[in-house]
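Each reported figure results from applying straightforward, stated rules to the coordinates on display, with no laboratory input. Just so it is clear, the structure is predicted and the values come from calculations on it, not from any experiment. Methodologically, a virtual Cβ is constructed for each residue, glycine included, from the backbone with ideal geometry; neighbour enumeration extends over all protein chains shown.
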Amino acid sequence: MTDTIDLDDLETDDADEPAANHGDWLWREEGTPEDEPETPTPNPSATETSASTSTSGTPGNGGTDTDATDTDATHDGPIPRVPRKNESKPAGVPTDSGGSGAGATVSNAPDDAEPMAAGPHGGGVDDMTMAVTYNAISELADPQLVLVSAREWADWIGIVGDVDAPVITKFQREHGIDADFFNGTGTGPAERLADIGKTSMFYAERLAVVGTPDDEWIAEEAGWEFVPLETAAAEADWDFEEG
């Protein structure tokens, strides 16, 4: 009868022991970093075999191949997008010029919307522009108050007169006022007002000159409405300078 053998007492060859795995010393706390085996390198033939296997059909799918390279190749082609109008025309050219790119003009307004108001400021035309003559404003007690109160009904206010531009500039500085426009040294008062046409930022539906009787010619030559100073002062409650 065979004697009982204790398997624990058997000595085995070291070659039969399993080799250490890469990283066991860190994850399993087995071995030391000095005994760490070299980092395994992929087998080129195995990689090729794996790649070829991934490109071949798998059983049960009707023999259809799923080619990874075909999937990657889709990134090299055109990116799917929504077709645009004027697709065949140059990109980056506004649609008004026949293009279809980023510079195309897009409008969200309905077809039956009213057109935008046309005016020198991109909107509607202003209501009133008033020009006070230098002679008229010089007769008033508080020129600053005149311009402040006039802005309640006038969109633009100017000072014109048969004087040089430095005279008007000095008058504004002394009284702390700032008119929107005034005539220059080389431009007469009527000529300056006549330049305020439909393309001017100071253009309005009503163009009026407030002046003394001696200034009425300015309005006539410019084609503006003339308002006597006495009439405007009475309606706006302007006081005349004493003396």
Hull volume per residue for segment 126-236, using the convex hull of the C-alpha atoms, in Å³ is 89
Below 12 angstrom from the Cβ of Asp155, what's the summed charge of the other residues (Lys, Arg +1; Asp, Glu -1)?
-3
What are the ³J(HN,Hα) couplings of segment 186-199, residue after residue, when phi is run through the Karplus curve with 6.51, -1.76, 1.60 and θ = phi - 60°? Round to Hz, x for glycine and proline.
x, 10, x, x, 5, 5, 5, 5, 5, 6, 7, x, 5, 9
Distant-in-sequence amide H partners of Gly161 (H built 1.01 Å from N, under 5 Å):
Tyr134, Asn183
